[in-house]
Amino acid sequence: MWFLERAPRFLKERADISELEQRADWLRNVAWRVAEGLRFEVDFEVLHGDDVFKLTLTYPELFPKAPPSVLVREGGRVSSHQWGSGGELCLEYRPDNWEEHITGAMMIESAHRLIADERPDVGIGVVPSAHNMSLGQKVRGDTYRFLMRATLREQLSTLPSGAAIRAHISERRVRESKDRNSYVAVVNGLSMPGDEEPWFDLGVPFPDWSHFGWVVIVDDITAVPAFPDGVALKAWLDGAGFSAASEAFASDKAFAALLIADKTSARFAWVYPTPAPGVVISYTVIDEERAQSRHPASHAALKEKSVGIIGSGSLGTKIAISLARAGVGRIHLVDDDIMMPGNLVRNDLDWQAVGHHKSAALRRRIKEIAPECHVTAQQVGLGTQEASGTISALLDRLGKFDLIIDATASAVAFNYCAGTAQANAKPMLWAEVFAGGIGGYIARARPDLEPPPAAARRQILAWCEAQGVVWTGVARDYGIAENDQPALIADDADVSVIAAHATRLALDTLADPADSRFPFPVYMIGLAEKWLFSQPFDTRPVTLVVEPWTNAAEIDVEAMKEAVKVVSSLIPKNEEPDATETAA
């Protein structure tokens, strides 16, 4: 209660407003009152000429840390600097420039100046606005919106005035509240004129459905009239020479979209032909500005990189999505598990994925975030009973990626990945989250820079034992009860921390495997004061001894020669060609 905690300020507010009423002939009928929640409000009237403006000053609970507001009590809209009819006046003193020395009396004087300056003796005055509305403020009341992509703007700039071309247009609906939806339309592609190849915006996710519409280019969009209905729109198209587009709106069984553009501006509408005379729904156009890349320069090479990720659980989904956001060009996902409601507490997927394979749902999620990323998914379990041929084909495929990531915390899956990485001399990264949310670790193995993955894991386990600190809660599966003991749960924040560190290590490995900013191959990351961690965010780097990825000493040359003879004997021999074939 600011009026008790700052009683001197409360008394000063009353005195200042009383003094203002006595000296200002334009202020009258000042009345203090206590509103709901013990908020103080001051009703007052401002006189200007023959007009009376009834306003209310309302003190917030945080006053004087936050500014009071002046609202129109009666009279609807009284100023162009007003939030809606009967709403708050936008005065000189606002949240963005508020200082504690400003008083309620000064707010009342500001309201008077606004009203007087907008109503000079001759005509209607204009008070300059200091309010820079954000894009969100401008469109938050608009149900229908069209996103003008910078890439689309570039394509339209190549078209001459009078051009009319077909377009692929999709629209998405978002349920913003119980009784409110919002719609956003976007152009996915254009049928370019002449012999030019069709243009598709690869930065827009491929839609589940799209409609054909028309794009027409005019000299000056300000000369295009408003269209009260479909008949008026069709008449304008005919009169402007866009007869082909006009025919698209003649059907009584369909609706279509129309984008009208010139060199600088655009208008977009959906047109419903029935019932006559038809309905034209105009959309607010939102321009996407061409922004500089938000990726560091080192990320430019990621577009050509490929990553195979085993596991689409809580850790794998976060890593995969982050890599896609960073610009990795190709990602292959492997997981045969089904998304369940219980997974929502940690997995980066949502209810739309429940009941679906995690890897397939994660692929769809990545395509929504990074449409240009080439993503594939396999519903195969490394560690479950699968056909040998299936596993063999999968491992052969993984061996071709620039980086292999194991996000399963499964010993079986790790062994498969480790063997594949070593056999193909490819870097491998793996991470685990410890039970109970105490932390986790990230590790990587690069050919001839660190020991092979299996050897690295052996050294990591030896390092843990050498610390001399035993904590029985460390487990592979951080959500499963063991030996009748309750599960030690790691929450989404715990998993997110380890996933973020793993992603950073993965990006570093992809950018330049031989030149790293990370001096250690393994990091134990603490999130609680348990086990060997002295405090949250206590990080323990682990040094590994390099071991060879290939061991020439183990190769038996004589046995290899004998094996070659056996294989050669099994290969079918070609028949001798006849003279004609030889001559040819």
Pairs of Cα atoms under 8 Å, at least six residues apart: use those to get the relative contact order of the range 2-117, whole percent. 18 percent
If you rank H112, H356 by fewest surrounding Cβ atoms within 10 Å, what's the result? H356, H112
Let's see if you can work this out: charge +1 on each Lys and Arg Cβ, -1 on each Asp and Glu Cβ, no other charges. What is the dipole magnitude of the chain about its Cα centre, in debye to the nearest 20? 500 debye
Filtered hits (aspartates and glutamates, Cα-Cα < 14 Å from K234, offset >= 8 within chain) -> E247, D252
Under 20 Å between alpha carbons - lysine pairs in the range 251-407 that sit 8 or more apart or on different chains: 9
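Arranged by the count of other C-beta atoms within 10 angstrom, fewest first, what order do L55, L532 take? Display every interim value, and only then the final one.
Numbers: L55 22, L532 17.
Least to most surrounded, the residues fall as L532, L55.
In square nanometres, what is the average projected area of the Cα convex hull of the range 139-287?
Working: hull surface 37.5 nm².
Across all orientations, the range 139-287 yields a mean hull projection of 9.4 nm².
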So for K530, K263, fewest C-beta neighbours within 10 Å to most, what's the order? K263, K530
Note on the range 2-117: alpha-carbon gyration tensor, axes a ≥ b ≥ c; rule is a/c under 1.5 for rounded, else prolate if a/b larger than b/c, else oblate; result prolate
If I compute semi-axes √(5λ) of the Cα gyration tensor in Å from the structure I just sent, which labelled value in (1) 40, 27, 26; (2) 63, 41, 20; (3) 45, 26, 21 lines up? (2)
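Computed from the coordinates by the stated procedures, all read-outs in this text should not be read as laboratory data. Everything numeric here is computed off the predicted structure, so don't read it as measured data. When we count neighbours, we look across all protein chains shown, and the Cβ atoms used for this are built from the backbone with ideal geometry, even at glycine.
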